[in-house]
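Below is one structure; the comments refer to it alone.
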Amino acid sequence: MISIDEFKKIEVKIGKVLSAEKVPETDKLIKLSVDVGEASPRQILSGIAEYTEPEALVGRKFPFVTNLEPRTIRGLESNGMILVVSSEAGDFSFLEPTSDIAPGSGIR
C-alpha cells in the first residue's frame, strides 16, 4: 500500500506517438518518439512488440508516466513509460482517451 501523497508524485500525461520502430536484435522492445506537450519529443522504450506492430501506434494517443528517472535499455535511453493493461491470462489492451485530448494533458 502507498499513501495518497506517494501516489500524487506520479505524473501521467497524454502523449501522441510520432514514430515507432522495433529495437534491432530484440523480440519485445519498441522505440517510441512521443509528444507529451514539451519543447521536444521524448524517446520511450516499451516491451510491447509482441502485442502490436510499431506502425499501428503512430498518431495514437496514450497515457505515459513522465516523471520516471531515465533508464538505459540496450544502449538506448528511455524517458517514460506507456501505460497498458494486461492480465495473467495474456490479455492485452492499450488505454486511449475517448475524445481528442491534447498531448501533455495531465491525468487527474
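The values are calculated or read from the model by the stated rules, or taken from the named source; none is laboratory data. Note that the structure is a prediction, hence the values are computed from the model and not measured. Because the Cβ atoms are built from the backbone with ideal geometry, glycine has one as well, and the counts that use them run over all protein chains shown.
For the reader, a short list of remarks on this structure follows.
- Residue match in region 26-44 (condition: hydroxyl-bearing (S, T, Y), at negative phi and surrounded by fewer than 10 Cβ atoms within 10 Å (Cβ to Cβ)): yes
- K16 fulfils the conditions (1) in a loop (DSSP other than H, G, I, E, B); (2) surrounded by 13 or more Cβ atoms within 10 Å (Cβ to Cβ) except for a single criterion, (1).
- Options E25, E38, E11; residue that is charged (D, E, K, R) and either more than 23 Å from S99 (Cβ to Cβ) or at pLDDT below 95 (or both): E25
- Restricting attention to region 57-95, the residues that are of a type outside the set (S, T, N, Q), within 14 Å of the chain's Cα centre (by Cα) and over 22 Å from S40 (Cα atoms) add up to 4.
- Within region 33-44, if we keep just the residues that are within 19 Å of G106 (Cβ to Cβ) and assigned to a strand (DSSP E or B), the residue that is nearest to the chain's Cα centre (by Cα) turns out to be I44.
- For region 63-97, a tally of residues being in a strand (DSSP E or B) and either of a type outside the set (A, V, I, L, M, F, W, C) or without any contact (Cβ under 8 Å) to a residue 12 or more places away in the chain (or both) returns 8.
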